[in-house]
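The values are calculated or read from the model by the stated rules, or taken from the named source; none is laboratory data. Note that the structure is a prediction, hence the values are computed from the model and not measured. Every residue, glycine as well, gets a Cβ built from its backbone with ideal geometry; the counts of neighbours run over all protein chains shown.
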Amino acid sequence: MNIRKLMILTLAAGAILGAANMAQNSQAAEKITDVREDGMKEMGKALKAIKGLVADNGDKAEIAAQAQKIVNNSAKIPMWFPKEAGLGEAAKPGIWDQWDKFEGNAKNLNTQATQLVAAAQNGSDMSAIQAQFAATGKACGTCHEDFRKKKD
């Protein structure tokens, strides 16, 4: 085989491998975006459930269980936003420009939700639970203000 054919075959193989790698990266980015959106939706459902439970003076164990979903998911938020995955439908590009703030907001949400779990589990009265729920909701909203596109 002459050098020219060898070079052509090498370039062709490189192009095929490069295309396969790009497709794999695209699938990985799409998957993390789906995981991120599912996790965010789960936190939204948990917040809605807690709101109803607090309003109805509901079961504190259920409040704690719903708040734990927020704790679990909020701990994953920074991992759900690798720059190479892109924005998805709702994220603003400022996430990566202000990463420390974004990560701090996620950590604050986790802290507030953890305190909500504790309040519900420790027999706090409903007004204390309601106050901690408000702090948790505010922590969630802080991130939305800076880093999430407004819904139409």
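Scanning region 65-74 for residues that are surrounded by fewer than 20 Cβ atoms within 10 Å (Cβ to Cβ) and not polar (S, T, N, Q) yields a total of 2. Hey, can you tell me all the residues within region 109-127 that are over 21 Å from Gly141 (Cα atoms) and surrounded by 23 or more Cβ atoms within 10 Å (Cβ to Cβ)? Correct list: Ala120 only. Please enumerate the residues belonging to region 141-152 that are touching a residue at least 12 places away in the same chain (Cβ under 8 Å), surrounded by fewer than 18 Cβ atoms within 10 Å (Cβ to Cβ), in a helix (DSSP H, G or I) and of a type outside the set (S, T, N, Q). The answer is Asp146, and nothing else. Does at least one position in region 22-33 carry a residue that is in contact with a Lys or Arg (Cβ under 9 Å, 6 or more places away or on another chain), assigned to a helix (DSSP H, G or I), at pLDDT below 95 and not β-branched (Val, Ile, Thr)? No, region 22-33 contains no residue that is in contact with a Lys or Arg (Cβ under 9 Å, 6 or more places away or on another chain), assigned to a helix (DSSP H, G or I), at pLDDT below 95 and not β-branched (Val, Ile, Thr). Among residues of region 87-99 that are more than 14 Å from Ile77 (Cα to Cα) and free of Cβ contacts under 8 Å to residues at least 24 places away in the same chain, those with a beta-carbon under 9 Å from a residue that is surrounded by 14 or more Cβ atoms within 10 Å (Cβ to Cβ) and not polar (S, T, N, Q) at least six positions away or on a different chain give the pairs Pro93/Leu87. Checked against (1) surrounded by 15 or more Cβ atoms within 10 Å (Cβ to Cβ); (2) at pLDDT 90 or above, Asp100 passes all but condition (1). Counting only helices (runs of 4 or more DSSP H) that sit wholly inside region 34-140, those with at least 3 residues that are closer than 21 Å to Lys151 by Cβ and in contact with a helix residue (DSSP H, G or I) (Cβ under 8 Å, 6 or more places away or on another chain) are 60-74, 99-121.
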